[in-house]
Amino acid sequence: MHNFDFVKPATIADAAKALAGDGAQALSGGQTLIPTMKQRLAAPGVLVSLTGIAEMQGVCMGDGGLHIGAATPHAVVAREAAKHYPALAALAGGIGDPAVRSRGTIGGSIANNDPAACYPSAVLASGATVVTNKRKIAADDYFQGLFTTALEEGEFIIEVVFPIPAKAAYVKFNQPASRFALTGVFVAKFANGVRVGVTGAGNDGVFRWSDAEKALSADFSAGAIAGLKVDPAGMNTDLHGSAAYRANLVKVLTQRAVSAA
Amino acid sequence: MTKVSMTVNGKSVSGEVEGRTLLSAFLREGLGLTGTHVGCDTSQCGACVVHVDGKPVKSCTVFAADVAGASVKTIEGMANPDGSLGVIQQAFQDHHGLQCGFCTPGMVMSAAALLAENPKPSEHDVRHYLDGNICRCTGYHNIVKAVLAASGQSVPAE
């Protein structure tokens, strides 16, 4: 790994200043970024750790729903979100393995926007709001394709605010070696309709399955989408699963999530 | 180079590190605590698991500078004060929970983290929690038995 200057600011303002510099890159839990740097796929000149900022830590109920600080590790979300938003807590408790969950954070996950990461499906399906040091971004505007988000240079996530649905569940089909989702589906039922977020399957990253949302908003049952088909044309293919296989998983996992919600 | 200080196995330590110095390298090369093993260096195998402020982490996937001020516990901190094996270590010996022994430090540290969270885990809980620890010898059955025994529970028969 190439060397870099390491800084660990204690406030959001200091972090913003550090990240405005040339060649600066934000570091959260590092569970993806550090392996990436070891492979020299990333070589920042300055690494700005965001895990020492108290305002970016923790889980609490507030305006608009459940607020989760961007630097909150998965293990903390799994424990502390359980009574407010059990489906989200269960998702966090199923990411990677225990050691990854000690370090990896929600902000890191959605800033990276890995197409097989778990959290993006929950953020999208919940219609959550991504709060950065500059603005608030609706989930529908935030995810913009593989490893691509609405975040601009020097912008970083402070917290994510989740409206709490009446019913929700996440069902993940594990890729057992990486423990990422081969496909994962998050279903959330709100008073004004159902949202379905799909990760691991789409060839352009996380997406909403709008046909299923329409059918489930009219009738929230696994049977309501029995007649729907997912077009394999939009699905990812790799050695772990073909596009047709993933297209089938999207439907099966959506049905399972509806039954589990 | 910057100076970092932390507590390792109850003792205050400090050393010079680069930004890129991993916690695993700081422990092994800086402090000579070579009980922490680096199996894959790609976050896959769990051999390098240590505790940082009581939580299991892969020391190959944390920068030493990022845990400055923290309390770190390694396999060297698992023995009893008189040098005899700790409960989990003894259970690994009693149940032959190791073959080549390379993964053992990480297994013991993960097992200790599990038992701190869940003092009486089921066999399923143990297997699930050790998901991130890979034994290249595939000696999982005896590892699971050792962890169950260390929790004071009866172990499955052969």
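The values are calculated or read from the model by the stated rules, or taken from the named source; none is laboratory data. What you see is a predicted model; the values in this text were computed from it and never measured. Glycine gets a Cβ as well: all are built from the backbone with ideal geometry, and neighbour counts include every protein chain shown. Each accessible area value is taken on the protein alone, full model and side chains, heavy atoms only, with ligands, DNA and RNA left out. Shrake-Rupley method; radii C 1.70, N 1.55, O 1.52, S 1.80 Å.
Counting only strands (runs of 3 or more DSSP E) that sit completely within the stretch A:13-93, those holding 1 or more residues that are open to solvent by 60 Å² or more (accessible area, probe 1.4 Å) correspond to A:24-27, A:59-62.
Is it the case, given these coordinates, that B:Leu130 is within 12 Å of chain A (Cβ to nearest Cβ), closer than 15 Å to B:Gly39 by Cβ and open to solvent by less than 80 Å² (accessible area, probe 1.4 Å)? The answer is yes for B:Leu130.
Rundown of residues vs (1) in a helix (DSSP H, G or I); (2) touching a strand residue (DSSP E or B) at 6+ places or on another chain (Cβ under 8 Å); (3) more than 22 Å from A:Val46 (Cα to Cα); (4) within 14 Å of chain A (Cβ to nearest Cβ), yes/no style:
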residue	(1), (2), (3), (4)
B:Ser12	no, yes, yes, no
B:Arg20	no, yes, no, yes
B:Val38	no, no, yes, yes
B:Ser43	no, yes, yes, yes
B:Val50	no, yes, yes, yes
B:Ser84	no, no, yes, no
B:Gln93	yes, no, yes, no
B:Pro105	yes, yes, yes, yes
B:Ala113	yes, yes, yes, yes
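Can you tell me which residue in the stretch B:59-74 is farthest from A:Thr51 (Cα to Cα), limited to those that are more than 10 Å from chain A (Cβ to nearest Cβ) and surrounded by fewer than 23 Cβ atoms within 10 Å (Cβ to Cβ)? Looking at residues that are more than 10 Å from chain A (Cβ to nearest Cβ) and surrounded by fewer than 23 Cβ atoms within 10 Å (Cβ to Cβ), I get B:Lys73.
This table checks each residue for (1) over 20 Å from B:Arg136 (Cβ atoms); (2) open to solvent by less than 20 Å² (accessible area, probe 1.4 Å); (3) at pLDDT below 95; (4) part of a helix (DSSP H, G or I).
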{"position": "B:Val4", "(1), (2), (3), (4)": "yes, yes, no, no"}
{"position": "B:Ala25", "(1), (2), (3), (4)": "yes, no, no, yes"}
{"position": "B:Arg28", "(1), (2), (3), (4)": "no, no, no, yes"}
{"position": "B:Leu33", "(1), (2), (3), (4)": "yes, no, no, no"}
{"position": "B:Val57", "(1), (2), (3), (4)": "yes, yes, no, no"}
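Is there a residue being modelled with pLDDT of 95 or more, under 19 Å from B:Val52 (Cα atoms) and either open to solvent by 40 Å² or more (accessible area, probe 1.4 Å) or within 14 Å of chain A (Cβ to nearest Cβ) (or both) anywhere in the stretch B:133-154? Yes: the stretch B:133-154 contains one or more residues that are modelled with pLDDT of 95 or more, under 19 Å from B:Val52 (Cα atoms) and either open to solvent by 40 Å² or more (accessible area, probe 1.4 Å) or within 14 Å of chain A (Cβ to nearest Cβ) (or both).
The single residue among A:Ser102, A:Ser121 that is closer than 17 Å to B:Val62 by Cα, of a type outside the set (Lys, Arg) and surrounded by 19 or more Cβ atoms within 10 Å (Cβ to Cβ) turns out to be A:Ser102.
Condition check: within 23 Å of the chain's Cα centre (by Cα), in a helix (DSSP H, G or I) and more than 15 Å from A:Arg195 (Cα to Cα). Does A:Val252 satisfy that? The answer is yes for A:Val252.
In the set (1) within 9 Å of chain A (Cβ to nearest Cβ); (2) over 20 Å from A:Val76 (Cβ atoms), B:Leu31 fails one condition alone, (1). Put simply, of A:Gly205, A:Gly197 the only residue that is crowded, with 19+ Cβ neighbours inside 10 Å and part of a strand (DSSP E or B) is A:Gly197. The number of residues in the stretch A:142-185 being assigned to a loop (DSSP other than H, G, I, E, B), open to solvent by less than 60 Å² (accessible area, probe 1.4 Å) and within 17 Å of A:Pro86 (Cα to Cα) comes to 2. Quick check, is A:Ile110 outside any helix (DSSP H, G or I), touching a residue at least 40 places away in the same chain (Cβ under 8 Å), buried (at least 23 other Cβ atoms within 10 Å of the Cβ) and not acidic (Asp, Glu)? Against the criterion (outside any helix (DSSP H, G or I), touching a residue at least 40 places away in the same chain (Cβ under 8 Å), buried (at least 23 other Cβ atoms within 10 Å of the Cβ) and not acidic (Asp, Glu)), A:Ile110 does not qualify. Screening the stretch A:138-191 for residues that are hydrophobic (A, V, I, L, M, F, W, C) and free of Cβ contacts under 8 Å to residues at least 12 places away in the same chain and picking the one that is farthest from A:Leu124 (Cα to Cα) gives A:Ala177. Checking A:Gly127, A:Gly184 one by one, the residue that is on the phi > 0 side of the Ramachandran plot and away from every other protein chain (no Cβ under 14 Å) is A:Gly127 and no other.
Annotation note: of A:Lys214, A:Lys167, the sole residue that is of a type outside the set (Val, Ile, Thr) and farther than 27 Å from A:Gly96 by Cβ is A:Lys214. Under the condition of being small (Gly, Ala, Ser) and surrounded by fewer than 24 Cβ atoms within 10 Å (Cβ to Cβ), the residues counted in the stretch B:92-111 number 1. The number of residues in the stretch A:230-261 being within 10 Å of A:Val185 (Cβ to Cβ) and open to solvent by 70 Å² or more (accessible area, probe 1.4 Å) comes to 1.
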